[in-house]
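Following: one structure in structure tokens, then a few remarks.
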Amino acid sequence: MSENGNLFLRNLAGFWKTFRQNKLGLAGGFLVLVAVLVAVFAPALTDYDPSDIIRDANNRALTFAPPEVHGILGTDDAGHDVWSQLVFGSRISLVVGFMAGFIAMFVGSALGIAAGYFGGAIDSLIMRITDVLLVIPDLPLMLVLVATIRQMELKISPLAVLIVVIGLLYWTSTARLIRSQTLTIKERQFVARARAIGAGHWHIIRKHILPQLMPLIVANTVLILSTAILIESGLAFLGLGDPTKPSWGTMLNFAFDRSAISNGAWWFYLPPGIAILWVSLGCILLGNVLEEMLNPRLAAHHLEGEAGMIAIADVESKG
Amino acid sequence: MNQTPMLEVRGLYKYFPVHQALADSLMRRPHSNVKAVDDVSFSLARGEVLAVVGESGCGKTTIARTLIGLEALTKGEIVFDGKLVNAHSQQPHIGLKQLRKRAQMIFQDPYESLNPRATIFEIVAEPLVVHGMIKDRKERVAAVKSALDDAGLRPAEDYFMRYPHELSGGQRQRVVIASAMVLQPELLIADEPVSMLDVSIRAEILNLLRDLRQKRGISIVFITHDLSTVAYFADRIAVMYLGRMVEIGPAREVLQNPQHPYTKALISVAPVPNPRLRRERVILQGETPNPINLPSGCRFHPRCPVAVDMCKENDPQLIELKQGHQAACLLVTKS
Amino acid sequence: MNNGKPLLSVRGLTTEFTTPEGKIARALEDVSFDVMPGQTIGLVGESGSGKTTTLMSLMRLLPAGGRITAGKVMFNDTNLLALSEREMRDYRWKSMAIVFQGAMNALNPVMKVGDQIHEAIMLHNLMDEDAAEKRVKDLLEMVGIARTRRDQYPHQYSGGMRQRAMIAMALACAPDLLFADEPTTALDVMIQAQVLQLLREIQKSLGLAIVLVTHDLGVVAEVCDSVVVMYGGKVAEYGTADHIYNEAQHPYTQKLLEAFPDVSKPGDTLASIPGTPPRLTNLPPGCRFEPRCHLKIEKCSQVNPPLLEVSPKHYVSCILREGAEADL
Ligand SMILES: Nc1ncnc2c1ncn2[C@@H]1O[C@H](COP(=O)(O)OP(=O)(O)OP(=O)(O)O)[C@@H](O)[C@H]1O
Ligand SMILES: Nc1ncnc2c1ncn2[C@@H]1O[C@H](COP(=O)(O)OP(=O)(O)OP(=O)(O)O)[C@@H](O)[C@H]1O
Ligand code: SF4
Ligand code: SF4
Ligand SMILES: [Mg+2]
Ligand SMILES: [Mg+2]
């Protein structure tokens, strides 16, 4: 077991060595890491609670106070501290984005593998569903869904509704990607070999297909996260967020509703916009670089001596 | 000695349906098939090595895959150790899983047949896991170790935690062989096990297979397009052309006294590593015809250097020329 | 070997790569041989022995990280290594053309085969459109492909036909010298025989010199006049085909021959060469074959044997064959 652990560490060290060379990847990782750290340490980063109302000497709410007058990013129309909203909003945005992203990834991978591996009727069914989901415009569909579910007053947290709706509608691209990759892996000789020694479907999927797909799934998840965060922001901006737990999208929604722009309160609407950009850019950079690096078609190339062969990962694939 | 043949194949057919263009199916043209294996019969005694040779596309791999159940057969019977494979009849029969415990296959490409993300230990132990055998951890390690040892990977422990990409082509093919041998199979189906390897490594692997056979007495179906390797270790040779066996017989007999014109051509083009022995070659022109529309009569006639008129009409069957030596050619008759 | 002047004369060619980890890999060391006009010379060796690197060095087409560090390559009377990149371009394809390893998979799948050959001709502006078009069809015919198949796409060709098409493309500018890197390796025996027959025919009719790279000793024996056996980036043995096959002097060549199964001698036991080739980034100080050699003596691990002429036109790099050990 410890040897297994060593191997893992060796791989990780090798991975880090290549990753370190990649400026874009490092930048993406930095952006994401900062956002995650802010979310985790939110209470330590601000003295105010987002719902606190800041008052001036006369005990009047300090509205639309610019940063020069109050705190780091001033206050909003009701006198709430914008910085603390931003910091705590990161928690909501990231949690919704991450959870929705993970659901999408999970559903997409499972269905993609099933479609690619089993083929036939299962494949047709799953692919028809993705076709339908792909042609229906996402945002209006989600608006309708979220609004309808909210109408039903099911006592589900509005955030949970958002997470589930985004997660269950955003798996199609993952499913297609995973399916096509599964199709090629399935045809590879080591899968035929596994069948020839008598292995069943579950064994083959778990031991032979999934490990090859893993890097792709990881990279794809990071990319999906950025989409999920953007979608969450979009829906929240349109007023479908949870007003009691404002995310960045909700902040933007408030800012626009309450004439932040006409008041020239840039500190109210710019920061959440930049934060959204920050995280999604980070995810996209990171995801693309990971995808490039963890290319699943790892093929050993040339052999050099017995002390340890030099493997060159190349993109050779059997047609 | 057990007299039941290890393997008996009777009238085996394997057709792959061709995807039909929409226009064709609208016009109700008949569905066509790739006739990859077209009426093949042979048997393999215990401890025997049968080589199946022929050009690319003649159906060698298809036979191998059908034997181990990776392809469903279209027609015919496969009898393993006296039991019909995968049949639900009254006769004694054997299921695929059971068959795959007792018969193993080695694939052509050592770079492709190992899961790149599994360690050598996992790969060699996999058949044991799949069949739920030797559950005891210590015994399992011992079994894997002895399989690697037998395959010439010593000291075996050094390989346990390695990944396939850290091994050379020859070492990988040894791993494949070790994992095929770990269940102590009775039958080994080897699909071009050395054709992707360098000449010097090729010899090692051939020697290894020969040793294993001598030590364990396993039967081997050895598939190749290279007659030189066949000469080296087969007991019998079956020559295939376009899904059919055109000649079958004891190895020496077939190589030194070939009867079928196709066998003669194949032997004549096998390179001989001696420039003083450059021989007259019979180089068949063109490629093997497409197995969708087989030529009429003898399927070899469009390329046969000695074809006569009747070859276009009559489809020759295998006839026994000498003890155990059969050929399917209208011009060849019992001497 | 005849006594004429060589078309291509390679002396002391040494090529190094810088690996991604920054190490130096000496892929070729002191490679020397001659190619006579109209002759076929075979380059044999295991995977990684430097066959492709030799061709790429001669064409000066080494990939990034590779450079020639020593040697001389005379083509007629010109030292190719002294030419500028511009001048070198004039030699490529017009004087020396190459069929790359795995070339038959290198055709553009969405372009007609004829168009691809056409393109190769036009790139060197040797003739006008019409003449080039005629040339395309002549070339196809020369390699045994019907003129009518000019407008087909690569997937409509079989593997053997694609390989022929690549040979046709290499012949487009009527070179004097053709490098063929493993032209038959992925093909089955019959198609291999056809391609070899084609090479022999075009050589006879065009008076071409051919450098044939392969790891298959049988193929070399069938078509080559002389043979260079490479091991670990060095020439182990070099001589006429008869020298190599019937009077091999280097232990590696001898083993290689014994390891090759021969249809004409069924049942023989095959020799095998245990071990693996040396790592180029960490070469042994002595003979490169020493770790695997069955005849090695103590000195082999200290002295890197040079390529010496043991009999006329027969060169061996092995300490055991050095008549004059006093030299050292
Ligand atoms: N799954 C398939 N679907 C359709 N046709 C197939 C399929 N598999 C094989 N064939 C066809 O069956 C014929 C025989 O193929 P097979 O792979 O058995 O040949 P082979 O003798 O093993 O050739 P090679 O030496 O190239 O491996 C070929 O014409 C091939 O195109
Ligand atoms: N771009 C490169 N960078 C580093 N090393 C290289 C590079 N290209 C080739 N090499 C090394 O040079 C050596 C010779 O390689 P080369 O491709 O010439 O071998 P070869 O004899 O043609 O082998 P094969 O039969 O596999 O084609 C190998 O060890 C290889 O790893
Ligand atoms: S039957 Fe005729 S065509 Fe067929 S192999 Fe014999 S001679 Fe040739
Ligand atoms: S120099 Fe020594 S090690 Fe090298 S080939 Fe000759 S005998 Fe063998
Ligand atoms: Mg095959
Ligand atoms: Mg090469």
The pairs in B:LYS75/B:LYS312; A:LYS186/C:LYS234; A:LYS186/B:LYS60; B:LYS312/C:LYS204; C:LYS51/C:LYS94; B:LYS97/B:LYS135 lying past 30 Å Cα-Cα in this model are A:LYS186/C:LYS234; B:LYS312/C:LYS204
Using alpha-carbon coordinates alone, the radius of gyration and Dmax of the protein assembly as shown in Å work out to 34.1, 124
Volume per residue (Å³) of the convex hull spanned by the alpha carbons of chain B is 181
Note on region C:1-55: contact order normalised by length, alpha-carbon pairs under 8 Å, 6 or more apart, percent, works out to 35
Each residue of B:166-174 has, on average, a number of other protein chain C-beta atoms within 10 Å of its C-beta equal to 4
For peptide B:223-236, the mean count of other chain Cβ atoms within 10 Å per residue Cβ is 4
Computed over region C:1-160, the relative contact order (Cα-Cα under 8 Å, seq sep at least six) in percent reads 20
Residues whose built amide H sits under 5 Å from the amide H of C:VAL99, excluding neighbours closer than 5 in sequence, are C:PHE179, C:ALA180, C:ASP181
In the protein assembly as shown, taking the dipole from +1 charges on Lys and Arg beta carbons and -1 charges on Asp and Glu beta carbons about the Cα centre, the listed residue (B:SER195, B:ILE106, C:LEU198) farthest towards the positive end is B:ILE106
Distance in Å, no decimals, from the C-alpha centre of region C:139-201 to the one of region C:109-135 is 16
For C:LYS23, the aspartates and glutamates lying under 16 Å Cα to Cα, once residues fewer than eight places off in the same chain are dropped, come out as A:GLU304
So, for the Cα atoms of region A:148-290, Rg and Dmax in Å stand at 21.2, 73
Per-residue average of other protein chain Cβ atoms inside 10 Å, peptide A:183-191 -> 4
For region C:167-286 (alpha-carbon point model, no solvent) the Debye-based log₁₀ I(q)/I(0) at q = 0.22 Å⁻¹ works out to -1.37
With Rg from the Cα atoms and Rh as the Kirkwood inverse mean 1/r over Cα pairs, region B:164-260 has an Rg/Rh of 0.99
Taking a straight Cα-to-Cα line shorter than 19 Å from C:LYS313, and setting aside same-chain aspartates and glutamates fewer than 8 residues away, one finds C:ASP30, C:ASP34, C:ASP225, C:GLU237, C:ASP242, C:GLU247, C:GLU322
Counting every C-alpha pair in region B:217-270, the percent lying more than 18 Å apart is 23
For the pair B:GLN317 and A:LYS17, the simple spin-label estimate (label points 7 Å beyond Cα toward Cβ) gives in nm 6.7
Percent relative contact order for chain A, counting Cα pairs under 8 Å at least six residues apart, stands at 23
So the pair-distance distribution of region A:1-124, from every Cα-Cα distance in 10 Å bins, comes to percents of 11, 21, 23, 21, 13, 9, 2, 0
Computed Rg/Rh for region A:150-189 (Cα atoms; Rh = Kirkwood radius) stands at 1.35
For the protein assembly as shown, percent of DSSP beta bridges that are antiparallel (nearest 5) comes out at 60
Connecting every pair of Cα atoms under 10 Å apart in chain C and solving the GNM, the largest mean-square fluctuation among C:ALA209, C:ALA146, C:ALA180 falls on C:ALA146
In degrees rounded to 10, the 0-90 angle between helix A:23-40 Cα long axis and the longest Cα principal axis of chain A is 50
Helix A:158-169: inclination vs chain A longest Cα principal axis, degrees, rounded to 10, gives 30
Which of A:GLU68, A:GLU292, A:GLU187 fluctuates most in a GNM of chain A (C-alpha springs under 10 Å)? That residue is A:GLU68
Filtering chain B for DSSP H helices with an axial alpha carbon extent of at least 15 Å and a Kyte-Doolittle mean of at least 0.5 returns B:120-130
Restricting to lysines and to Cα separations under 17 Å from B:LYS264, and discarding same-chain partners fewer than 8 apart, the set is C:LYS265
Cα-based Rg/(2.2 N^0.38 Å) for chain C, rounded to two decimals, is 1.03
Expected max-MSF residue from C:THR214, C:THR53, C:THR69 in the GNM of chain C (alpha carbon, under 10 Å) is C:THR69
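Only the coordinates and a few stated rules stand behind these numbers; no lab work does. Because the structure is predicted, anything quoted here is derived from the model rather than measured. In this analysis, Cβ positions are derived from the backbone assuming ideal geometry, glycine residues included, and neighbour counts consider all displayed protein chains.
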